[in-house]
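The structure appears right after this line, and notes come after that.
The values are calculated or read from the model by the stated rules, or taken from the named source; none is laboratory data. As the structure is a computational prediction, the values presented were derived from the model and not from experiment. In this analysis, Cβ positions are derived from the backbone assuming ideal geometry, glycine residues included, and neighbour counts consider all displayed protein chains. Just so you know, the surface numbers come from the protein's heavy atoms only, side chains and all, with ligands and any DNA or RNA stripped out. Shrake-Rupley method; radii C 1.70, N 1.55, O 1.52, S 1.80 Å.
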Amino acid sequence: MKKKTLQVIFLLALIVGTILIIRQQHSTPYQKNSGMIFGTVYNVAYQSSDDLQKEIEEELKKVDGEFSMFNQESTVARINRGENPQLSEMFKEVFKKAKEIWTATDGAFDPTVAPLVNAWGFGFKQGAMPTRQQVDSLRRYVGFKDVELGRYNGKTLDFAAIAKGYGSDVIARLLRKKGIENFMVEIGGEVVTQGINKERLPWKIGVVKPTDDSLNTGGELQTVLNVTNKAMATSGNYRNFYYKGGKKYAHTIDPATGYPVQHSLLSATVLADDCATADAYATAFMVMGMERAQKVLEKHPEILVYFIYSDNKGELKTWHSPKLSTDS
């Protein structure tokens with residue numbers, strides 16, 4: 001009899017505790033913070049009684065202080081000037097992640113490609129594309145293979161294609177450390193989600209339909225992805241391109257050739273467990289094109305993708321991982 005009484009008391013306590021937790025979850029408000037970082041906009045929504053914007057921006061400034069190409073005192077800027085600064089755990093983490101994805105993508109993701117990107121970008125803006133000789137000359141300064149932590153060889157490092165995603169990861173870690181279970185972090189389109197949104201529903205993130213609109217004023221959605229407890233990043237050529245001699249050139253440069261990529265893939269959206277990984281793979285897949293990207297995906301089933309490409313008739317088509325949940 002005593003045992004049954006204890007079981008009833010335990011069950012009642014469990015029920016009451018569950019009710020209190022549910023009530024607290026419903027009554028706790030969602031905070032929304034936004035601002036500028038890394039030259040783009042950040043947005044953070046999270047369920048908490050406290051406004052954490054000050055702490056969020058402090059964390060973002062740490063990332064900026066490591067990887068910003070515009071902050072002359074950042075670690076990467078100092079390395080590019082030939083200095084040998086003491087490396088933080090944050091810098092080491094991103095460098096190792098970059099090396100891992102450089103290896104997995106056979107060099108398609110390469111943080112040393114900046115000289116070629118700049119040459120093509122400036123060339124189009126000034127009306128004079130780089131010559132074959134100039135491209136070949138610059139390629140000598142591109143290649144992540146022989147760059148190691150603490151041992152640099154004059155190559156320019158640029159982690160822009162992974163830093164925004166990593167910044168989103170850093171804020172997600174901060175929120176988890178605070179015990180926050182429901183949130184969405186977005187920096188320049190690179191997203192991390194957990195739990196549910198204000199409407200008590202799973203987080204859903206739209207993928208913009210590619211158009212020849214470099215300003216992206218339309219903003220029409222191609223699809224909406226169910227992104228719960230995942231990170232998501234999108235890379236595309238449709239927002240940044242040039243026309244020269246009647247030919248369209250993408251802003252994505254293939255480190256292997258030194259030239260803008262020429263393939264049918266217009267947009268690569270990647271879902272992964274962390275946003276730095278999603279960010280870097282999205283860039284790599286835009287370099288590789290669909291066929292090469294799909295071969296990489298065969299070896300990495302943990303990565304999910306949503307590709308938008310142009311078929312032989314110039315019509316938009318899509319392909320996505322079978323496990324990916326979409327609203328289209």
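Looking at the stretch 172-187, can you tell me whether even one residue there is open to solvent by 20 Å² or more (accessible area, probe 1.4 Å) and either touching a strand residue (DSSP E or B) at 6+ places or on another chain (Cβ under 6 Å) or at pLDDT below 90 (or both)?
Looking for residues that are open to solvent by 20 Å² or more (accessible area, probe 1.4 Å) and either touching a strand residue (DSSP E or B) at 6+ places or on another chain (Cβ under 6 Å) or at pLDDT below 90 (or both), one finds at least one in the stretch 172-187, hence yes.
I'd like to verify a number: residues in the stretch 283-310 that are touching a residue at least 60 places away in the same chain (Cβ under 8 Å), in a helix (DSSP H, G or I) and hydrophobic (A, V, I, L, M, F, W, C), how many?
5
Which residues, taken from the stretch 50-80, are of a type in the set (Lys, Arg) and closer than 18 Å to Gly165 by Cβ?
Scanning the stretch 50-80 gives Lys61, Lys62.
It is to be established whether one or more residues within the stretch 261-278 are touching a residue at least 24 places away in the same chain (Cβ under 8 Å), in contact with a Leu (Cβ under 6 Å, 6 or more places away or on another chain) and buried (at least 24 other Cβ atoms within 10 Å of the Cβ).
Looking through the stretch 261-278, at least one residue is touching a residue at least 24 places away in the same chain (Cβ under 8 Å), in contact with a Leu (Cβ under 6 Å, 6 or more places away or on another chain) and buried (at least 24 other Cβ atoms within 10 Å of the Cβ).
Give the stretch 155-169 a look and list any residue that's surrounded by fewer than 21 Cβ atoms within 10 Å (Cβ to Cβ) and among the aliphatic types (A, V, I, L, M), or say none.
Of everything in the stretch 155-169, those that are surrounded by fewer than 21 Cβ atoms within 10 Å (Cβ to Cβ) and among the aliphatic types (A, V, I, L, M) turn out to be Leu157, Ala160.
Looking at (1) of a type in the set (S, T, N, Q); (2) part of a helix (DSSP H, G or I); (3) more than 16 Å from Glu66 (Cβ to Cβ), find the lone condition where Ser168 falls short.
(3)
Of everything in the stretch 58-81 that's open to solvent by 70 Å² or more (accessible area, probe 1.4 Å) and either within 20 Å of Ala280 (Cβ to Cβ) or part of a loop (DSSP other than H, G, I, E, B) (or both), which residue is modelled with the lowest pLDDT?
Phe70
State whether one or more residues within the stretch 46-57 are in a strand (DSSP E or B) and at pLDDT 95 or above.
Among the residues of the stretch 46-57, at least one is in a strand (DSSP E or B) and at pLDDT 95 or above, which makes the answer yes.
Failed condition for Ile101, given (1) buried (at least 20 other Cβ atoms within 10 Å of the Cβ); (2) not in a helix (DSSP H, G or I), with all others met?
(2)
Would you call Val305 of a type in the set (A, V, I, L, M, F, W, C), over 30 Å from Tyr141 (Cβ atoms) and buried (at least 22 other Cβ atoms within 10 Å of the Cβ)?
Yes; evaluated as a whole, the condition is true for this residue.
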